[in-house]
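Student: Below you will find the structure I want to go over with you.
The values are calculated or read from the model by the stated rules, or taken from the named source; none is laboratory data. From a predicted model like this one, the values you see are computed outputs, not experimental measurements. Note that each Cβ is placed from the backbone with ideal geometry, even for glycine, and that neighbours are counted across all protein chains shown. Ligands, DNA and RNA are excluded from the accessible area calculation, which covers all protein heavy atoms including side chains. Shrake-Rupley method; radii C 1.70, N 1.55, O 1.52, S 1.80 Å.
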Amino acid sequence: MTRPWSLPHKQILIPAALAAAALCLRAFYAWGLPLNFDEMGHIRVVSGFFTQQPGFASIPLGSRLTSHPLFADYLLSLGLALGMGRFFVARLFFIAVSLLGLAGIFALARELFGTRAGVFAVALASVDRFMVAWAPLTVEQAGYAFVPWMLLFFYRAVEKESPKDFLFLGAAGGIGYMFYEPAVIVLFPMALYALIFGHGRKIVKSPLAWTGLAVFLIIISPHLYYNGSQGWVNFKRHETLASGIGLSPRLLLLYLGDLLMTFPDPYRVALEGGNVYFFPFRTTCALAPGVLYLAAVLFSVKFVKDRRFALLLIIFFTTALITTIINAREPWNNFWWAAPCLIVSIVLSGSLSDKLALSLSVRGPAAAVVIVALIPTLIFLGGEKQGYHCFSEEIRFVGRMSALRMQMPALEEISRSSLEQMHAEAGAFVQAHPENSKGMYFLAESLAGRPDKVKQALDQAQRLDPHNPLVLNSIADQAMARKDWETALAAIERAIQAGYECYVFRKKAALCAYRLGRSEEAESHALAAMGVKADARDILALMFLIAWDLGRDEKADSYLEAYIASSFDEKWKGYMEAARLLEQEGKHKLAGEYMNKAKAEAQSATRRR
């Protein structure tokens, strides 16, 4: 029987059908998907696009509000404009970019292993839970869609001796970079592959290779120009993050998140979401396909002498090493830095599925691999769209509460509906687990606006667990609102002594100690907070004030520069904020100096325009 993919004029039918299925899955997930924390930040960046004069010259080349290039923000603003403010339309633009990435996975797998392997690979990528959940997010990670194209053009250029593909490699790398710089992390293992297999001299001597490099640099030049004119602010932040060398489970979390997220302390998950544990809207691969992907990578090692497998394995293990050791202060947060590894493992899984189908002369076992990926995705789409996926009911509950809480700063109507939903889900959890202190705490949080009920629920939560750090955090917040710094600091220190050493508590302890005039104690707490999250904007502002109190002028200036770089799109605004903070603290002379700096910097910025 003639197979559809054996007919040249029909080779596109199955991939096209898979693309249609992928579009439907992603659009279904995107419909009604609430804005997440990262997307709110991008909305803040995009809102500044429309406050300038019209014209090409006014298009921003960068922003201090984001540490990445602005292609994602350009695409978001275009989607919002064409969709007349409807966020779902903006999500469709990002879904379109993700489908381009699926096409790249098919093209790469077909180039390396044949059309059937390409079909299996794109089928897996179309239904994988991580790939479905990532696609509609209006964030810079859309740049990963260009990774398979970079791998394809590189392979053609060096192994098929097609130098013109260096031009396409430069273009794909440049566009991927302008969405998200970590997308070009694959250039490092590509260079390693070229050195191992003796392509280095050929690449250096190829005029088209240098032309491809020029294409790459031209595309990323707006980002380079902006950073050069702003003191390389984005790169300094990346340096701060990457300097936290250590070991993190970032790679394994991507594949085995359902399993690994079962073990952390639920209290820590609630306290440190986004700092140590990933946000509840960041969804990993489902466990079963994740295990199969890793098995496919390990099985492929036996074929390492084949340059096709060698290229993919070098990409996988080099990228895995880099993403495992950098930014160890946030080991559970940015697990999708390892996404290039996932793309490689999906292509290898497609190849091995094809080998399985050929060796057994039937496609059923190979198709079962796709079904293993599809079933958890359908379960995921049938449930809540945000939360943690694991075997622990407590952590799933904490994830849901965290996801609902993150939606509250967005819009008043979202806040009300989120609060109502939080109250319903927390009430159901408490009814099922009346002795659970965590459930009682979140029930108290859902009763905002009813102080008597809140106090009653918090007291009950503390009776159930006297060391509940969430309750102690709430007590501290209430005391800080009354400016009762001693009570707040005592509650926070109780939580720290109970073993909950985390950024949230150290930051608040630093502020309380500073307000009590104990600057050295405040500095100690603040440094401990920075050890967890070195680029946190709020702690940098506090460190600026503490350093001035301790007479460390140079340190104060360095903290202020870091704060400005991470928080303001123009430097003069940062100086204005510094003047405001100093004025609040009664340091009127210093406030005047920074006000003068703000005026001088504003005049300089006007002349540059």
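Student: List, please: which pairs have Cβ atoms under 8 Å, are six or more places apart or on different chains, and start with a residue in the stretch 17-31 that is of a type in the set (Gly, Ala, Ser) and end with one that is open to solvent by 50 Å² or more (accessible area, probe 1.4 Å) and part of a helix (DSSP H, G or I)?
Tutor: ALA27/LEU92; ALA30/PHE88; ALA30/LEU92
Student: If you check LEU192 against the conditions, is it over 30 Å from SER63 (Cβ atoms), modelled with pLDDT of 95 or more and either outside any helix (DSSP H, G or I) or open to solvent by 40 Å² or more (accessible area, probe 1.4 Å) (or both)?
Tutor: yes
Student: Same structure again: Test each condition in (1) within 20 Å of ILE315 (Cα to Cα); (2) modelled with pLDDT under 95; (3) in a helix (DSSP H, G or I) for GLY198 and report the one that comes out false.
Tutor: It is condition (3) that GLY198 fails.
Student: Would you mention how many residues in the stretch 82-95 are touching a helix residue (DSSP H, G or I) at 6+ places or on another chain (Cβ under 9 Å) and open to solvent by 30 Å² or more (accessible area, probe 1.4 Å)?
Tutor: Summing the residues that are touching a helix residue (DSSP H, G or I) at 6+ places or on another chain (Cβ under 9 Å) and open to solvent by 30 Å² or more (accessible area, probe 1.4 Å) in the stretch 82-95 gives 7.
Student: Looking at LEU313 and the list (1) outside any helix (DSSP H, G or I); (2) under 26 Å from the mean Cα position of the chain (by Cα); (3) over 22 Å from VAL269 (Cα atoms), which single condition is not satisfied?
Tutor: (1)
Student: While we're on this one: Do we have any residue at all in the stretch 463-470 that's within 35 Å of the chain's Cα centre (by Cα), crowded, with 17+ Cβ neighbours inside 10 Å, part of a helix (DSSP H, G or I) and without any contact (Cβ under 8 Å) to a residue 60 or more places away in the chain?
Tutor: No, the stretch 463-470 contains no residue that is within 35 Å of the chain's Cα centre (by Cα), crowded, with 17+ Cβ neighbours inside 10 Å, part of a helix (DSSP H, G or I) and without any contact (Cβ under 8 Å) to a residue 60 or more places away in the chain.
Student: Of all residues in the stretch 483-530 being basic (Lys, Arg) and outside any helix (DSSP H, G or I), which is most open to solvent (accessible area, probe 1.4 Å)?
Tutor: In this case the residue turns out to be LYS483.
Student: Between LEU99, LEU61, LEU78, which is at pLDDT 80 or above, open to solvent by 60 Å² or more (accessible area, probe 1.4 Å) and assigned to a helix (DSSP H, G or I)?
Tutor: On the way: LEU99 fails: open to solvent by 60 Å² or more (accessible area, probe 1.4 Å); LEU61 fails: assigned to a helix (DSSP H, G or I).
When all the criteria are applied, what remains is LEU78.
Student: Hand me the list of helices (runs of 4 or more DSSP H) wholly inside the stretch 531-609 holding 3 or more residues that are over 33 Å from the mean Cα position of the chain (by Cα), polar (S, T, N, Q) and over 24 Å from ALA242 (Cα atoms).
Tutor: 588-608
Student: So, LEU213, is that one open to solvent by 60 Å² or more (accessible area, probe 1.4 Å) and either of a type in the set (A, V, I, L, M) or modelled with pLDDT of 90 or more (or both) or not?
Tutor: yes
Student: Would you check if GLU161 is of a type outside the set (Val, Ile, Thr), under 30 Å from SER558 (Cα atoms) and open to solvent by 60 Å² or more (accessible area, probe 1.4 Å)?
Tutor: No: the conditions fail for GLU161.
Student: Which residues, taken from the stretch 288-346, are open to solvent by less than 40 Å² (accessible area, probe 1.4 Å) and among the small types (Gly, Ala, Ser)?
Tutor: Hits for the stretch 288-346 are GLY290, ALA296, SER300, ALA310, ALA320, ALA328, ALA338, ALA339, SER345.
Student: Looking at this structure, is VAL119 in contact (Cβ under 8 Å) with a residue 12 or more places away in the chain, in contact with a helix residue (DSSP H, G or I) (Cβ under 9 Å, 6 or more places away or on another chain), open to solvent by 10 Å² or more (accessible area, probe 1.4 Å) and not hydroxyl-bearing (Ser, Thr, Tyr)? Full working, then the answer.
Tutor: Details: in contact (Cβ under 8 Å) with a residue 12 or more places away in the chain: yes; in contact with a helix residue (DSSP H, G or I) (Cβ under 9 Å, 6 or more places away or on another chain): yes; open to solvent by 10 Å² or more (accessible area, probe 1.4 Å): yes; not hydroxyl-bearing (Ser, Thr, Tyr): yes.
Taking the combined requirement at face value, the residue satisfies it.
Student: Something else about it: I'd like the full set of residues that are surrounded by 12 or more Cβ atoms within 10 Å (Cβ to Cβ), within 18 Å of TYR559 (Cα to Cα) and of a type outside the set (Ser, Thr, Tyr), limited to the stretch 218-241.
Tutor: Within the stretch 218-241, GLN230, GLY231, TRP232, VAL233, ASN234, PHE235, LYS236, ARG237, HIS238, LEU241 meet the criteria.
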